[in-house]
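J.: Here you go, one structure.
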Amino acid sequence: DLPTLEKKDRYKVGFAQTESNNPWRIAETKSFKDTAKSCNWDLVYTDAAGSAAKQVSDVDSMIAQGVDVIFLPPREERPLLPAVLRAKAQGVPVFLVDRSVDEKVAKAGRDYVTFLGSNFIEQGQIAAQWLIEKTGGKGLILELEGTTGSSPANDRRKGFDDEVAKHPGMKILASQSGDFARDKGRKVTETLLQTYPNANVIYAHNDEMAIGAIQALEAAGKVPGKDVLIVSVDGTRDALQAIIDGKMGVTVESSPFFGPLACKTMKRYANGEKIEPWVRVKDRVFTIDNAAKYIDDAY
Amino acid sequence: MNTSIFEEQRKVPRTLSARALSQVKNNGALWAFFLLLLINILITPNFLQIQTLYVNLTQVATVAIVAIGMTLVIASGGIDLSVGALMALAGTIAPMIFLSDFAASSPALGLFLAIVVAIAVAGLAGLFNGYLISVYKIQPIIATLILFISGRGIAQVLTNGELQTFDNPSFEFIGTGRIFGVPVQAIIAIVLALSIAWVIKRSIYGRFLLAVGGNEKAAELAGVPAKKIKMITYMVCGLLAGIAGLISTAINSASDANQTGQLMELDAISAAIVGGVLLTGGKAPILGAVLGAAIIQLVGYTLLANGVHDAVAMVAKAVIIIVAVYLQQVKGAK
Amino acid sequence: MNILSMVSNLPGMKRKAHASRQAEGVLIALAVIILFASLRYDAFLSEYNIMTFLAYNSMFILIGLGMCFVIMTGGIDLSVGSVVALSSVVVAKVSEYGIEVALPVGILVGVTTGTINAFVITKLKIVPFIATLAMMLGARGMALVISGNQSVDVSWESNFTQFGLGKMFGFIPWPVVTMLVAFAFCWLLLEKFAFGRHVLAIGGNEEASKLMGLEVNRTLFGVYVLSGALAGLSGVMLASGFGAGQPLEGLGWELSAIAAVVVGGTLLTGGLGSITSTLLGAILLGLIFNILNFENGLGTISFSAYWQSVIRGGFLLVVVVIQAKMMNRKKANS
Amino acid sequence: MTNVDSIDVPNADHKPAQRNEPEVVLSMQGIHKRFAGVPALTNAKLVLKAGEVHAIIGQNGAGKSTLIKVLNGAYKLDEGEIHFMGEAVSYASPHHAQMAGISTIFQEVNLIAYRSVTENICLGHEPKRFGMVDWRRAHAHARETLARFGLELDVGRPLGSFNIAIQQLVAIARAVALDAKVVIMDEPTSSLDEKEKAVLFRVIKELKASGVAILYVSHHLDELFQICDQITVMRDGKTVEQRPIGAMSKLDMVAAMLGKDPEEIAKGGATNFASTGQTSDEVLFSVKNLKGAAGLNDVSFDLYKSEILGLAGLLGAGRSEVARAIFGLDHDLKSGKMTLSGQGVDFNHPSRAIAAGFGFCSEDRKEDGIIPQLSVRENLTLVLLPRIAKYGLIDEEKERQLVDDFIRRLGIKTASMEQPISQLSGGNQQKVLLARWLVTNPNVLILDEPTRGIDVGAKGEIQALIRRLADDGLTVLMISSEFEELVEGADRVIVLQDGHSIQELANEQLTENAIMKAIAQ
Ligand SMILES: Nc1ncnc2c1ncn2[C@@H]1O[C@H](COP(=O)(O)OP(=O)(O)OP(=O)(O)O)[C@@H](O)[C@H]1O
Ligand SMILES: Nc1ncnc2c1ncn2[C@@H]1O[C@H](COP(=O)(O)OP(=O)(O)OP(=O)(O)O)[C@@H](O)[C@H]1O
Ligand SMILES: [Mg+2]
Ligand SMILES: [Mg+2]
């Protein structure tokens, strides 16, 4: 009972971005804008400036404008449900991008077409597994969390912490929010290093905070990569450079380039194909072995 | 005929040191600061290390600098919500200049221009605030809300929201350098605080500022150029925000129009208030603002270092603001 | 006795006329913008757009109404955004008991924070700006603590979400109905009840009101509790209309509310104000977002998020400057 | 002379009931009040009987307003007892006092300018219907109340759109309308002119006849003889004397206020405000056909060097407007010319006027005068600053010296020069503001009601000071609502009416009667 999508040359496509205050989101928006050209879309772009409520209202204004289809990266799992349900009621198919909504209420294939994205929990797990392998299951860890309450922060924490908890040699000394930002990541690291001078691993929920942590380490006279091992998520250009420079150990990719995948999935749907509930994005893992190879494509 | 009353006057401490001493006794904020130090010495690991001092100094410098400007603005009877946005603006403009082709050909001049132009733009933006407030008589909270909303937007438009990363040791010096081991930005903050405090105390500008903040109509009638004073004040606040923006950019070796100075207005206002500024205007405790910034910094450090989570830290900050202001009022009333 | 009855016009004293003049200004601006938008965008006046727009903006209008009362006393309430978040979280936790329970609970949350604000302001004598700034941090912290840093599930089995998502007679969304009722209540309160008169008297001259024997503190209590209650109600709408208690929502809402009140022509210094123009002001400010979304949909120009904030700031600038000019011209004419 | 300690303090038990002795409604005894350790009231006493008008007099800062505020709960008293209608009372706020029947008109007009006359009169006890304000009855009530004062106003208009005299009368009307047993008036006539005073006195007599007790504070000793029955004199926070009015001459009152022997004062003679005739015939400043937006229709006069020129007129005649226009305060001059030493001038900001040697001490000290948070010193030197500064830095040593000097010269009663000005009594604030201008040694000083709210002693001193300065070459334009002051002190007087300068009076022509006549035309 999903709304169907008729086959057309040109579609009016809504993309309701949640915010534009970090490189990742900017890259994602750019990817959709580029795709609009290549895929023959009239893109209706809105920005919710970090407010889930405004994002719902943005989706409403798209519905009012009569878009054919909506790509929605829900700011949070739950508050975006009404938007998804209303779009469905108004006959507009919705594709969720990069984050999903609460499974208990809205289901892929019933209320929305599908979810395109990575698995944040898995990203945390991969980071933890790399770390465990690298250190042999020993380490004193400082964790820099993302914005308090946001789902990537919650999931990347859960994935990592659960994995690490299986190894008694590993201990998370402290876990504090760095708001996904470089400056705050640096400040928090500076403070935590003072209290826990024995820490030898830093796990950051994104690359920006990891770069901040590197700066804090250098300011404290420690050698990042040697005295303290840094593990992170995202795969930005700065992070790949830091890996090449030996300052960072690993960053798990969380690709923002959803545009092409969105175009492809939408075409499949218009063709009447049944879409799987979760179109998974394969996240790569960047280490010293491959960083140099991928740095030119990074954002 | 009032001789007895004139004798009373002698009781007011005349010497500087005596006055300073009585100020310490009556300053709730100072007590709070010492109490915090004591608590930290007792419970926070590795607190008594010089590195701890440096970490705190580097972290407090930008808030302190902005809080000084905020104190001036509040003393004039206003408020400035745009400081964070102006930090972002200045922090964005500087790298645009020293990363330009022109600067590549003459790096020294490029760097100089980068710093001067960036700070000047922030100053101009402050002047714009002051102009709206003094000439159009728009309420400060609304007048500065305009740049609060769009100032950061302009910075983001300039860079298309993208991070500008750089590797420019001479510029980074203002964020990461040390002079005799002391972080440069702390030195900048202290020099600014002392000189502005001195200016407020000794200069006509200072007295006029307090007069305008205390009763603008009366000041105007006494020949005080109130509009000019206000415009200067908002401009100075903008300039200081600009300096803070550069420092923050320099530390991070990157300018981030999205994040630089985020929520700075709240920190600066809180610091100014804890430092004893009156929202009714007419009082400009500059060193108090620095102390206020230090207290808020130390609270944050204490909570962070002892593993208290962000959410709880917010509640703690709220309580501290109320307690600090309340104590000051009680002391002031006696 | 005719000398005594001789009536002299003090320029700038016909403030009441001002307020209504400004309300006219907002109404004209609103009419112009709606006309422009309905001609330019096809679906702008569609039922769907109007109803979803009003339903979403009901939350802002509610806190704007509360803010209007606070500002009329010469105060300010910076805590409303956080209180909305706190209320939404608490309400989400009790949503399984249905809206009959959730609604009073949400209002109660607001009443509680409002009472604390009022206590700090009237009993501890801390100025509203600081008192509510602290509550802004405190309520946000509490919201995060209670929710465990996550948005909180609501029950979809009970009738809870009907309040936010359902429609009266299948036509008008309940949030809009609620907002209209609250609006009527506030209007009556201000225009027809002694309470409203006292609010205006206190804002006009608090000292005088006290000396004239008004129970100033009781009225202030009422005002902050009302502001809190409306924020609490707004929180219920948030939780039930968006299906979650959201500890991070409501950031900067206090500034939107203040802007709405000011754009509606209410003076931040208190003593004057209009409930109707606050409603219009809130709608005017909300329309900007709606129109930007429609403009982006035309495909001719696509504003990035950054340009949007520049435009929003610019719009606010234009509105307040025009208002200031009208005010000054009016002054010159009388 | 009755000593205050021997006043028979009423105590219901052992007070012999005399037949025609009116009942005591209020008594205060052993009242102590300190501000930051400095005593404002020490062992003050007061006895008030039904149907009497009881005056409190005393120098500025003697504690009159404080006594009143302690009584009605605006301040909390430190020590002492207050009995009202035979019961010990202590009010938490003026509201509670008002509810109990003690209603106060405060020294500064304290109403709400933005709100309508009706609201100002009914505030706090609005007539209601179904819980809602019944505006029809409220307006009617307001009109009735004002009718007692012969006022017919559009009661729906904002109070602030009426002049200050009407505002003052509204404040009085409000207090009177409350069915009070005791009405307190703190300098109610300070912004009323003769006609309005007469109205007020009539109302006071009516109140008195209906058994209301009135506590009346004023510096205008002559007034007291018209309406008062009892006088309490305060000095340095103490009530030093209480006597029936008949038992006191004006000289006795002054003597008691100053704490001196009447004979000594009589010998010392009055202060010398009278013209010494030393004016030159050089026109220093002249105003021709000044026309402005509000209240200024056609004003012309010449100001001779070293003279004191008075501006007379009723409230609203436009006297203050002339002063404001000269000083560059309202930028709404429509036409007219001003010349200083033959040169055309038009100041667009007070700072220009100040630079040209003008000074202007305005009538509204709360709004346009004091800067409450700043100290006496900072308030006093505000205008002077640019002149005691080098490179924008203030010469503090010099500043202190000057301030010290002026505090002594004007006898300003303050704990220290660092005390915030807001903590001074009204009259002492006024002195600081005068000093603010005097210290700049101006060529032309415009004084708008310079002695409003100033006690007789200080008034004489200030008048003498003005005269001395004029003799030394200062030119003064003085606005005053007291014709007596003008007649005594001014060399010439210009009478304004309705924004027109209608007559000039000098020499023999200059009498109070002549001014009245000119105005009555
Ligand atoms: N709020 C206050 N804080 C500190 N001192 C005060 C305060 N109010 C009054 N005083 C002091 O108390 C004394 C008495 O003041 P009060 O106002 O009662 O005098 P007053 O007799 O009414 O004088 P005036 O005739 O000038 O009005 C003065 O010395 C004054 O400085
Ligand atoms: N503060 C003011 N601002 C603007 N206009 C005023 C002000 N005060 C009075 N006016 C206007 O100027 C006219 C003259 O009134 P004003 O009260 O100044 O007369 P005045 O002769 O100076 O009387 P007084 O000085 O005794 O109050 C009035 O009609 C009034 O409308
Ligand atoms: Mg007094
Ligand atoms: Mg006047």
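The values are calculated or read from the model by the stated rules, or taken from the named source; none is laboratory data. Bear in mind the structure is a predicted one, so any value in this text is a computation, not a measurement. Neighbour counts are summed over all protein chains in view; Cβ atoms, including those assigned to glycine, are modelled from backbone coordinates with ideal geometry. Ligands, DNA and RNA are excluded from the accessible area calculation, which covers all protein heavy atoms including side chains. Shrake-Rupley method; radii C 1.70, N 1.55, O 1.52, S 1.80 Å.
J.: Counting only protein heavy atoms and a 1.4 Å probe, tell me what percentage of segment D:395-521's accessible area is made up of carbon and sulfur.
T.: 43
J.: Separate question: Could you size up the charge dipole of chain A around its Cα centre, putting +1 on the beta carbon of Lys and Arg and -1 on that of Asp and Glu, and report it in debye to the nearest 20?
T.: Dipole size: approximately 360 debye.
J.: To check my understanding: the extent here is largest minus smallest coordinate of the Cα atoms along each principal axis. What are those three numbers for chain A, in Å, largest first?
T.: 60, 37, 30
J.: How big is the gap, in Å, between the Cα center of segment D:34-59 and the Cα center of segment D:299-354?
T.: Their Cα centres are 42 Å away from one another.
J.: Label points 7 Å out from Cα along the Cβ direction at residue D:281 and residue A:288: separation in nm?
T.: 10.7
J.: Binned at 10 Å from 0, what are the whole-percent values of the Cα-Cα distance distribution for segment A:94-181, short to long?
T.: 16, 39, 27, 14, 3
J.: Tell me the relative contact order for chain B as a rounded percent, counting alpha carbon contacts under 8 Å between residues six or more apart.
T.: Value for chain B: 32 percent.
J.: Same structure again: Can you give me the accessible area per residue for chain C, using a 1.4 Å probe, in Å²?
T.: Normalised by residue count, the accessible surface of chain C is 35 Å².
J.: Output ³J(HN,Hα) for segment D:139-152: one whole-Hz value per residue in order, computed from phi by the Karplus curve 6.51 cos²θ - 1.76 cosθ + 1.60 with θ = phi - 60°, and x for Gly and Pro.
T.: 5, 4, 4, 4, 4, 4, 4, 6, 4, 4, 9, x, 9, 10
J.: Could you work out the per residue convex hull volume over the alpha carbons of chain B, in cubic angstrom?
T.: 160
J.: Quick one: what do you get for segment B:61-207 if you divide its Cα Rg by 2.2 N^0.38 Å?
T.: This ratio for segment B:61-207 stands at 1.15.
J.: Quick one: compute a quarter of the convex hull surface over the Cα atoms of segment A:1-121 and quote it in nm².
T.: 7.2
J.: In addition: Taking every pair of alpha-carbon atoms in segment B:74-125, what share in percent sits in each 5 Å bin, from 0 to the bin with the longest distance?
T.: Percent of pairs per bin, in order: 5, 22, 24, 17, 13, 8, 5, 4, 2, 0.
J.: What base-10 log of the normalised intensity I(q)/I(0) is obtained for segment D:429-521 from the Debye formula, alpha carbons as equal point scatterers, at q = 0.19 Å⁻¹?
T.: Debye output, listed in q order: -0.94.
J.: Residues of C:247-253, mean number of Cβ from any other protein chain within 10 Å of their own Cβ, rounded to a whole number?
T.: What the average comes to for C:247-253 is 5.
J.: Could I ask something else about it? Please compute the modelled spin-label separation between residue D:348 and residue B:217, points set 7 Å along Cα→Cβ, answer in nm with one decimal.
T.: With each label placed 7 Å out from Cα toward Cβ, I get 2.4 nm.
J.: Cut-off 10 angstrom, C-alpha nodes, Gaussian network model of chain C. Which of C:188, C:214, C:124 fluctuates the most?
T.: C:124
J.: Name the residue from A:82, C:208, B:155 whose Cα lies farthest towards the positive end of the charge dipole of the protein assembly as shown, charges +1 on Cβ of Lys and Arg and -1 on Cβ of Asp and Glu.
T.: A:82
J.: Can you work out the accessible area per residue across chain A, with the rest of the protein chains kept in place, probe 1.4 Å, in square angstrom?
T.: Per residue, chain A has 35 Å² of solvent-accessible surface.
J.: Same structure again: Quick one: dipole size for segment C:125-270, taken about the Cα centre, charges +1 on Lys/Arg Cβ and -1 on Asp/Glu Cβ, in debye to the nearest 20.
T.: 240
J.: Give the interface area between chains B and D as buried accessible surface, both sides summed, probe 1.4 Å, in Å² to the nearest 100.
T.: 3200
J.: Okay, moving on. Could you tell me whether segment B:218-306 comes out rounded, prolate or oblate from its Cα gyration tensor? Rule is a ≥ b ≥ c as square roots of the eigenvalues, rounded for a/c under 1.5, then prolate if a/b exceeds b/c, otherwise oblate.
T.: Oblate shape, in that a/c is at least 1.5 and b/c is the bigger or equal ratio.
J.: Could you give the size of the charge dipole of the protein assembly as shown about its Cα centre, using +1 on the Cβ of each K and R and -1 on the Cβ of each D and E, expressed in debye and rounded to the nearest 20?
T.: Using Cβ point charges on Lys, Arg, Asp and Glu, the protein assembly as shown gives about 560 debye.
J.: Can you pull a Stokes-Einstein diffusion coefficient for chain D at 25 °C (0.890 mPa s), Rh from Kirkwood over Cα pairs, as a whole number of µm²/s?
T.: In µm²/s, the coefficient rounds to 100.
J.: Here's a follow-up. Could you tell me which of B:94, D:463, D:226 has its Cα farthest along the dipole of the protein assembly as shown towards the positive end, charges placed at Cβ (Lys, Arg +1; Asp, Glu -1), taken about the Cα centre?
T.: It is B:94.
J.: What are the chymotrypsin sites (Phe, Trp or Tyr not before Pro) within segment B:149-250 that DSSP puts in a loop, where the Cβ has at most 12 other Cβ atoms within 10 Å?
T.: Answer by residue number: B:180.
J.: Something else about it: Can you tell me the alpha carbon radius of gyration of segment D:281-374 divided by the globular rule-of-thumb value 2.2 N^0.38 Å?
T.: Compared with the compact-globule rule of thumb, segment D:281-374 sits at 1.10.
J.: Here's something else I'd like to know. Using a 10 Å cut-off around each Cβ of peptide D:159-165, what is the average number of partner chain Cβ atoms that fall inside?
T.: 6
J.: For D:381-390, what's the mean count of beta carbons from other chains sitting within 10 Å of each residue's beta carbon?
T.: Counting other chains' Cβ atoms within 10 Å and averaging over D:381-390 gives 4.
J.: If Rh is defined by the Kirkwood formula over all Cα pairs and Rg also comes from Cα, what ratio Rg/Rh do you get for segment C:66-183?
T.: Rounded to two decimals, Rg/Rh equals 1.02.
J.: Another question about this same structure. Straight-line reach from residue A:222: which lysines fall under 22 Å, measuring Cα to Cα and dropping same-chain residues less than 8 apart?
T.: Counting by Cα, and skipping residues close in sequence, residue A:222 has these lysines nearby: A:134, A:138, A:171, A:184, A:187, A:247.
J.: Give the lysines whose C-alpha is closer than 25 Å to that of residue B:227, dropping any in the same chain fewer than 8 places away, or say none.
T.: Filter leaves B:137, B:201, B:217, B:283, C:14, C:325, C:330, C:331, D:334, D:366, D:390.
J.: If a helix is a whole DSSP H run, which ones in chain B reach 18 Å or further along their own axis (Cα) and hold a mean Kyte-Doolittle hydropathy of at least 0.0?
T.: What comes out of the filter, once short or polar helices are dropped, is B:28-43, B:50-75, B:83-98, B:107-134, B:140-159, B:184-202, B:226-252, B:286-305, B:310-333.
J.: Connecting C-alpha atoms closer than 10 Å in a GNM of chain C, tell me which of C:113, C:266, C:219 has the biggest fluctuation.
T.: Greatest mean-square fluctuation among the candidates belongs to C:219.
J.: Right, something else. Under a 5 Å amide H to amide H cut-off, with H placed in plane at 1.01 Å, what residues pair with residue A:139 once short-range neighbours are removed?
T.: Result for residue A:139 returns A:170, A:171.
J.: Using every pair of alpha-carbon atoms in segment A:69-143, split the distances into 10 Å bins beginning at 0 and state the percent of pairs per bin, rounded to integers.
T.: That works out to 18, 39, 16, 17, 9, 1, in percent per bin.
J.: Residue C:97 to residue A:42: FRET efficiency via 1/(1 + (r/R0)^6), r the Cβ-Cβ distance, R0 51 Å, to the nearest 0.05?
T.: E(calc), rounded to 0.05, equals 0.65.
J.: Now, a different point. What list of ³J(HN,Hα) couplings, whole Hz, do you get for segment C:292-297 from phi and the Karplus terms 6.51, -1.76, 1.60, once you set θ to phi - 60° and write x for glycine and proline?
T.: Result, ordered by residue: 4, 4, 5, 4, 4, x Hz.
J.: Just give the residues from segment D:104-126 buried by at least 40 square angstrom of accessible area in the all-chains context relative to the isolated chain, probe 1.4 Å, and say none if nothing qualifies.
T.: Buried by 40 Å² or more upon assembly, which counts only protein chains, are D:110, D:112, D:114, D:115, D:123.
J.: Taking Rh as the Kirkwood radius computed over C-alpha pairs, what is the Stokes-Einstein D of the protein assembly as shown at 4 °C in a medium of viscosity 1.567 mPa s, expressed in µm² per second?
T.: 37
J.: Further question on the same structure: Can you give the local net charge around residue B:60? Use residues other than it whose beta-carbon is closer than 15 angstrom to its beta-carbon, Lys and Arg +1, Asp and Glu -1.
T.: Value of the local net charge: +1.
J.: Sorted by average packing, counted as other Cβ atoms within 10 angstrom per residue and highest first, what order do B:212-220, D:31-39 take?
T.: The most tightly packed comes first, giving B:212-220, D:31-39.
J.: Further question: Pairs D:291/D:459; B:228/D:64; A:30/A:104; A:8/A:104; A:33/A:88: which exceed 30 Å Cα-Cα?
T.: D:291/D:459; B:228/D:64; A:30/A:104; A:8/A:104
J.: Still on this structure, I have one more. Sort segment A:156-200 into rounded, prolate or oblate with this rule: let a ≥ b ≥ c be the square roots of the eigenvalues of the Cα gyration tensor; rounded if a/c is under 1.5, and if a/c is not under 1.5, prolate when a/b is larger than b/c, oblate otherwise.
T.: Taking the square roots of the gyration eigenvalues as a ≥ b ≥ c, segment A:156-200 is oblate.
J.: Could you grab the relative contact order for chain C? Cα pairs under 8 Å, six or more apart, rounded to a whole percent.
T.: Relative contact order for chain C comes out at 33 percent.
J.: For segment C:111-155, compute the orientation-averaged projected area of the C-alpha convex hull (one quarter of its surface), in nm².
T.: The orientation-averaged projected area of the Cα hull of segment C:111-155 comes to 3.7 nm².
J.: Can you pull out the buried accessible area for chains A and C, both sides counted, probe 1.4 Å, rounded to the nearest 100 Å²?
T.: That pair hides around 2900 Å² of surface in total.
J.: Enter the accessible area per residue of segment D:438-506 (Å², integer; probe 1.4 Å; all protein chains in place).
T.: Value for segment D:438-506: 27 Å² per residue.
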